[in-house]
Amino acid sequence: MLLNQFSYFALGKSIENASAALQTEFIGHQIEHYTQVPSTNDIAIARGKAGAREGTVVIAEHQTAGRGRYGRRWEAPPGKCLLASVVLRHRLLQDQIHLPNLIGAIAIARAIRTRHGRNAQIKPPNDVRIEKRKVAGVLTELAYDTQQQSFFVLGFGVNVNITLADFPPELREIATSLRIASANSEDQDTEICRTALLHAILGQLEDTYLQLKAGETDLIMKQFEELREDENRG
């Protein structure tokens, strides 16, 4: 399904005037939404190779072969997470190779903080955690299009409406979701609107990506250090 400016897509409750709510210049202006795919990154890479414009977003309700760093599987129950990949065409310099994961993590942490007030922090190099439990991850992959122009795909997964019972026992002490974190904080269990959270993440991502394109590495690193998890604290 191909969508323009969030005219409709089924991430939770539909939002009227959703295109106006997405306040970006280019990220998310072209969206592909799927019920199920092997991996959103794989589709985004294929679209990038075929010439998809910068800012194209691929979203899925479920992945059968989602992955993180080192090829680790990313498991997520259908319809309860944000699973998305963005095609970005900035040609990375050698000293920028490490930055895409950081700008993705910064965008997610900031979106969670500003929209939901949770103290999301970054565990280097690509995890976002709340109270030392993983709530999101970022995976960047580099590729070349048919003109041999380099681009990268920034994929991310956010645990949004997963409940404690949805997690296998071995993950319940090390992973969380925004719904769980909000329920613990506010003493109520309320479903989170994934569409609104996605809007917030894409807006933050465009800001940090433009800093990357402008070569503002020091600014990106400053933001990262402000959000970095203190590994010495329990």
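Residues of region 94-142 being of a type in the set (Gly, Ala, Ser) and in contact with a Lys or Arg (Cβ under 6 Å, 6 or more places away or on another chain), which ones?
Within region 94-142, just ALA120 meets the criteria.
Could you say which residue among LEU219, LEU205, LEU227 is within 29 Å of ALA50 (Cα to Cα) and among the hydrophobic types (A, V, I, L, M, F, W, C)?
LEU205
Does THR163 count as among the hydroxyl-bearing types (Ser, Thr, Tyr) and under 20 Å from LEU102 (Cβ atoms)?
Details: among the hydroxyl-bearing types (Ser, Thr, Tyr): yes; under 20 Å from LEU102 (Cβ atoms): no.
No.
For region 180-228, what are the residues that are at pLDDT below 95, on the phi < 0 side of the Ramachandran plot and not in a helix (DSSP H, G or I)?
Correct list: GLN188, ASP189, THR190, GLU191, ILE192, CYS193.
One line per residue, one yes/no per condition, for (1) among the basic types (Lys, Arg); (2) within 30 Å of GLY51 (Cβ to Cβ); (3) modelled with pLDDT under 95:
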position	(1), (2), (3)
LEU99	no, yes, no
LEU102	no, yes, no
ALA107	no, yes, no
THR114	no, no, no
GLY117	no, no, yes
ILE122	no, no, no
LYS134	yes, no, no
PHE151	no, yes, no
THR163	no, no, yes
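I'm told PHE167 meets every condition in (1) touching a strand residue (DSSP E or B) at 6+ places or on another chain (Cβ under 7 Å); (2) closer than 20 Å to ILE106 by Cα except one. Can you identify the failing condition by its number?
Answer for PHE167: the failing condition is (2).
When both residues are 6+ apart or on different chains and their Cβ atoms are under 6 Å apart, which pairs have a first residue that lies in region 121-139 and is farther than 10 Å from GLY104 by Cβ and in contact (Cβ under 8 Å) with a residue 40 or more places away in the chain, and a second that is among the basic types (Lys, Arg) and assigned to a loop (DSSP other than H, G, I, E, B)?
ILE130/ARG118
I'd like to verify a number: residues in region 79-125 that are more than 16 Å from the chain's Cα centre (by Cα) and in a loop (DSSP other than H, G, I, E, B), how many?
Within region 79-125, residues that are more than 16 Å from the chain's Cα centre (by Cα) and in a loop (DSSP other than H, G, I, E, B) number 10.
Six or more apart or on different chains, Cβ under 7 Å: which pairs go from a residue in region 56-84 that's farther than 12 Å from ASP42 by Cα to one that's modelled with pLDDT under 65 and of a type outside the set (Gly, Ala, Ser)? Could you list them?
Every condition considered, the pairs that remain are GLY68/TRP74; ARG73/ARG67; TRP74/ARG67.
Does THR208 fit the bill of being touching a helix residue (DSSP H, G or I) at 6+ places or on another chain (Cβ under 7 Å) and free of Cβ contacts under 8 Å to residues at least 12 places away in the same chain? Explain how you work it out, then say what you get.
On the way: touching a helix residue (DSSP H, G or I) at 6+ places or on another chain (Cβ under 7 Å): yes; free of Cβ contacts under 8 Å to residues at least 12 places away in the same chain: no.
The answer is no for THR208.
The values are calculated or read from the model by the stated rules, or taken from the named source; none is laboratory data. Since we're looking at a predicted model, the values are computed, not measured. Glycine also receives a Cβ, built like all others from the backbone with ideal geometry; neighbour counts cover every protein chain displayed.
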